[in-house]
1. Take the solvent-accessible surface of the protein heavy atoms, probe 1.4 Å, and return the percent of it on the chain that carbon and sulfur atoms account for.
2. Taking the square root of 5 times each eigenvalue of the Cα gyration tensor, what semi-axes in Å does the equivalent ellipsoid of the chain have, largest first?
3. With angles folded into 0 to 90 degrees, how steeply does helix 21-32 sit against the dominant principal axis of the chain? Use alpha carbons for both and round to 10.
4. Quick check for you: which residues of the stretch 1-42 have the amide N under 11 Å from the point 7 Å beyond the Cα of Glu49 toward its beta carbon?
5. Taking the solvent-accessible surface of protein heavy atoms with a 1.4 Å probe, what is the per residue accessible area of the chain in Å²?
6. Please give the helix 45-67 orientation as an angle from the longest Cα principal axis of the chain, in degrees from 0 to 90, rounded to the nearest 10.
7. Between Arg22 and Met60, what FRET efficiency comes out of the Förster formula 1/(1 + (r/R0)^6) with R0 = 22 Å and r the beta carbon distance, rounded to 0.05?
8. Keeping all protein chains in position, work out how much accessible area Val5 exposes to a 1.4 Å probe, and write it in Å² to the nearest 10.
Amino acid sequence: MALTVVKRSDDTSGFTVLPKRRQVECTFAWLMRSRRLARDYETRTDSAEAMILWSMTMVMSRRLARRSH
């Protein structure tokens, strides 16, 4: 997975909408609905990654099931 960091330009002041910011914040909000991800319970990074993948799988399966009706 590739990570792209979007930096603010130095000449802007105040609030400016950055690309993809809303999508990222909504995804984090969906993931935080999982109780286990609300706190940092996992000590190993691979188990934390597995919990994130599991939570995202639950979010996406609910969205797909909702659209099929």
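1. Roughly 57 percent, rounded to a whole number.
2. For the chain, the ellipsoid semi-axes come out as 28, 19, 11 Å.
3. Around 30 degrees separate the two axes.
4. Flagged as within label range: 1.
5. Value returned for the chain: 99 Å² of accessible area per residue.
6. So the inclination is approximately 80 degrees.
7. E(calc), rounded to 0.05, equals 0.75.
8. In the full protein context, Val5 sits at about 110 Å².
The values are calculated or read from the model by the stated rules, or taken from the named source; none is laboratory data. What you are looking at is a predicted structure, and each value in this text was computed from that prediction instead of being measured. Cβ coordinates were reconstructed from backbone atoms using ideal geometry, including for glycine residues, and neighbour counts include every protein chain displayed. Quick note on the areas: whole protein, heavy atoms, side chains included, nothing else; ligands and nucleic acids left out. Shrake-Rupley method; radii C 1.70, N 1.55, O 1.52, S 1.80 Å.
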